[in-house]
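One structure is given below, encoded as structure tokens.
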Amino acid sequence: MPDDHDLEKLRILYSLREYFHKALWEEEKHFTWLLSLIATGQATLLANAVPLQNRLLLLGVLSGLGLVITLLALKVVRAESDNFQQLLWRFVRVYNQLFYPKEPDSEERFREPGREANSPYRTLVNLSWTGKLKIRDAFQCIYLVFAVANCILLYDVLLEMLLGLLFGAA
């Protein structure tokens, strides 16, 4: 039977795991909301009769901001996913050692999670076509879609501005 010191260690690991789980969810949620607001602003500009020069400037700013936020979201969420996964792995390992040290095949024992939290980007794209994304992978895939959309829009805006400068039609 585990002693008080072991149980306290398990409680601390559980608290840290919960903290990182909640932090990860909040980050995913808030980054997605922010990117959705930027996409809404972009769609509004594209759909309304705003003068071309103003529209290009605003779309350029929103696309650049969207791209920066998307890249930041990917970096932060992937780092937090790693932190969460490591704590989850430690928690399960300590739990199993404390409560099932001599019963490796017990059904009550927690199955050890993988140590890798994030799929490679190519795998994310492939999994998105099959519908087999885990929730963290799905958020990362959404950020990749936002990144591609902002890159395309930013490229289009810059090209339109350049053509306007070169040929005077903007």
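Residues that are among the basic types (Lys, Arg) and either without any contact (Cβ under 8 Å) to a residue 12 or more places away in the chain or touching a strand residue (DSSP E or B) at 6+ places or on another chain (Cβ under 7 Å) (or both) within segment 59-83 comprise just one, LYS75. Scanning segment 110-129 for residues that are part of a helix (DSSP H, G or I), of a type in the set (S, T, N, Q) and under 15 Å from the mean Cα position of the chain (by Cα) returns THR123, SER128.
Applying the condition of being free of Cβ contacts under 8 Å to residues at least 60 places away in the same chain and β-branched (Val, Ile, Thr) to segment 127-157 and asking which residue is surrounded by the most Cβ atoms within 10 Å (Cβ to Cβ) yields VAL145. For segment 67-115, the set of residues classified as of a type in the set (Lys, Arg) and closer than 30 Å to GLN42 by Cα consists of LYS75, ARG78, listed by residue number.
Name the single residue, out of those in segment 39-58 being aliphatic (A, V, I, L, M) and either touching a residue at least 40 places away in the same chain (Cβ under 8 Å) or in contact with a Pro (Cβ under 7 Å, 6 or more places away or on another chain) (or both), that is surrounded by the most Cβ atoms within 10 Å (Cβ to Cβ).
LEU56
Whether any residue in segment 88-99 is within 13 Å of the chain's Cα centre (by Cα) and in contact (Cβ under 8 Å) with a residue 24 or more places away in the chain is what I want to check. No - not one qualifying residue is present in segment 88-99.
Here, each number is a calculation from the coordinates, and none is a lab measurement. For clarity, every value in this text was computed on a predicted model and none was experimentally measured. Virtual Cβ from ideal backbone geometry, glycine too; neighbours counted across all protein chains shown.
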